[in-house]
Amino acid sequence: MSKPLRIGLIGAGWVTQYHLLAWQKLAGRAVVVAIADPSSENAAARARQFGIAQCFSRAEDMLAACELDAVDIAAPRAFHAPLVRLVADRGLPVLCQKPLAPTLAEAEALARDVEGRIRLMVHENWRFRAYYRDAASWIRDGRIGAVTAARLTLLTSGTIPDANGQYPAIERQPFMRGESRMLVAEVLIHHLDTLRMLLGPLDVIAAALTQTCPDIAGEDGAVIQMRSRGGAGVSLFASFATHGAPISQADQLEILGTIGSIRLEGTQLKLTGAQSEIRAYDLAATYQGSYDATIAHFIDALQSRAPFETSPADNLQTLRLVEDCYRLSGREASRGNAR
């Protein structure tokens with residue numbers, strides 16, 4: 001039996017708890033042997049919690065000191081490109097949190113720089129949620145016929161002050177406060193990617209981005225209209241400033257077809273048509289399960305030499321949709337003129 005792959009993790013922030021739980025489930029196949037983060041305190045805390053043998057405050061030091069087989073980059077997006085290049089210089093495979101870089105141009109340059117040098121997969125886990133995989137299977141099997149329209153909705157109260165005057169979404173992920181590209185680039189990138197996975201290539205034809213919360217730099221509302229290559233209208237409607245909505249994120253999806261429809265609402269995914277079906281999900285388990293499935297796919301593809309589903313080329317298609325949302329909304333141009 002082959003030895004487990006030795007993994008180095010770069011980053012010790014909020015999201016890494018889900019990464020590390022997923023890595024634990026691959027015991028015998030892979031093990032995180034080192035962690036690096038500029039916050040030595042955060043790195044040490046993760047190491048204690050998950051039994052990681054070595055801690056570093058600099059990724060460079062971890063790469064120099066440890067014998068690794070692959071690296072998981074879960075640092076903030078501003079650091080993705082330099083970190084991927086750093087690991088590429090060591091010739092190691094990389095799993096990098098989405099997006100590859102803060103802008104499409106930076107991501108395109110990075111993809112060119114490392115192509116042929118290392119194997120690189122983007123950690124885009126939303127599409128790996130069990131209910132989206134099931135919906136994709138139903139579509140592939142022709143159970144709703146040709147798709148005619150689709151709508152994905154995300155409404156939360158995350159940027160509305162709570163009883164203590166705090167913004168729940170910002171308390172959960174403080175970095176969001178200063179991001180000039182917030183909702184689309186940080187959150188809806190997942191939904192755009194998932195819609196691509198479900199429906200194939202998409203084009204953004206209109207976008208309106210709004211800011212309700214005065215204490216963040218970026219947008220917290222979006223209405224995005226797209227069209228599939230088959231001519232279906234596809235809309236993405238989202239707000240983090242919805243009064244009466246829960247703090248937690250929960251997607252609602254409707255996909256209409258010529259002989260049936262699919263609806264995701266709450267814990268249920270419903271197929272209506274000649275072959276109706278209802279499936280129920282534990283949302284917390286499904287959330288962690290998306291990390292489990294993403295990281296398992298990375299290891300499966302490394303060991304089998306199969307292509308990554310979320311390769312750089314695939315992620316660039318999602319980033320083009322993100323760029324089109326900002327361009328067509330005119331938000332950034334208007335802000336530039338205001339300055």
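The values are calculated or read from the model by the stated rules, or taken from the named source; none is laboratory data. Here the structure is a predicted model, which means the values were calculated and not measured. Don't worry about glycine lacking a Cβ; one is built from the backbone with ideal geometry, like all the others, and counts go over all protein chains shown. Ligands, DNA and RNA are stripped out before the accessible areas are found, and what is left, the full protein with its side chains, is counted by its heavy atoms. Shrake-Rupley method; radii C 1.70, N 1.55, O 1.52, S 1.80 Å.
Accessible area per residue was computed with a 1.4 Å probe on protein heavy atoms; Thr267 scores about 70 Å².
Derived scalar couplings between HN and Hα for the stretch 193-199 equal 5, 5, 4, 4, 4, 6, 10 Hz in order, rounded to whole Hz, by the Karplus curve 6.51 cos²θ - 1.76 cosθ + 1.60 (θ = phi - 60°), x for Gly and Pro.
Going 7 Å from the Cα of Ala217 in the Cα-to-Cβ direction, what parts of the stretch 306-335 have a backbone nitrogen less than 16 Å from that spot? Flagged as within label range: 332-333, 335. Straightening the chain between Gln268 and Ser180 buys 28.2 nm, computed as 0.36 nm per residue apart minus the Cα-Cα spacing. Using a probe of 1.4 Å, the accessible surface attributed to Phe56 totals some 40 Å² when neighbouring protein chains are kept in position. Think of the stretch 1-127 as having a plus end and a minus end, set by charges on the Cβ of Lys, Arg, Asp and Glu; of Ser57, Ala27, Pro38, Ala27 sits farthest toward the positive end of this dipole. In terms of accessible area, using a 1.4 Å probe and ignoring ligands and nucleic acids, Lys3, Lys270 rank largest first as Lys3, Lys270. Of the solvent-accessible surface of the chain, computed with a 1.4 Å probe and all protein chains present, 51% belongs to carbon and sulfur.
Heavy-atom accessible area, probed at 1.4 angstrom with all protein chains present, ranks Val234, Val147 as Val147, Val234, highest first. Once you order the gyration tensor axes a ≥ b ≥ c over the Cα atoms, which shape class does the stretch 1-129 get: rounded for a/c under 1.5, otherwise prolate or oblate by comparing a/b with b/c? It comes out rounded by the Cα gyration axes.
Relative to the dominant Cα principal axis of the chain, helix 40-50 is inclined by about 80°.
In the chain, the longest principal axis of the Cα atoms and the axis of helix 283-304 are about 60 degrees apart. With the cut-off at under 20 Å, measuring from each backbone N in the stretch 130-174 to a point 7 Å along the Cα-to-Cβ line of Ala280 picks out 130-135. To check you understand DSSP bridge types, tell me what percent of the beta bridges within the chain (both residues inside) are antiparallel, rounded to 5. Counting DSSP beta bridges with both partners in the chain, the antiparallel share is about 55 percent. Solvent exposure of the stretch 60-204, expressed per residue, is 37 Å² of accessible area, with all protein chains present and a 1.4 angstrom probe. With a ≥ b ≥ c taken as the square roots of the eigenvalues of the C-alpha gyration tensor of the stretch 81-151, please select rounded if a/c is under 1.5 and otherwise prolate if a/b is larger than b/c or oblate if it is not? Prolate. For the chain, the longest principal axis of the alpha carbon atoms and the long axis of helix 130-140 meet at an angle near 60°. If the chain linking Ile259 and Ser235 were pulled fully straight, counting 0.36 nm for each residue of separation and taking away their Cα-Cα distance, it would gain 6.6 nm.
For the set His243, His190, the ranking by accessible area, highest first and with no ligand, DNA or RNA atoms included, is His243, His190 under a 1.4 Å probe. The solvent-accessible area of Tyr291, taken with every protein chain present and a 1.4 Å probe, is close to 10 Å².
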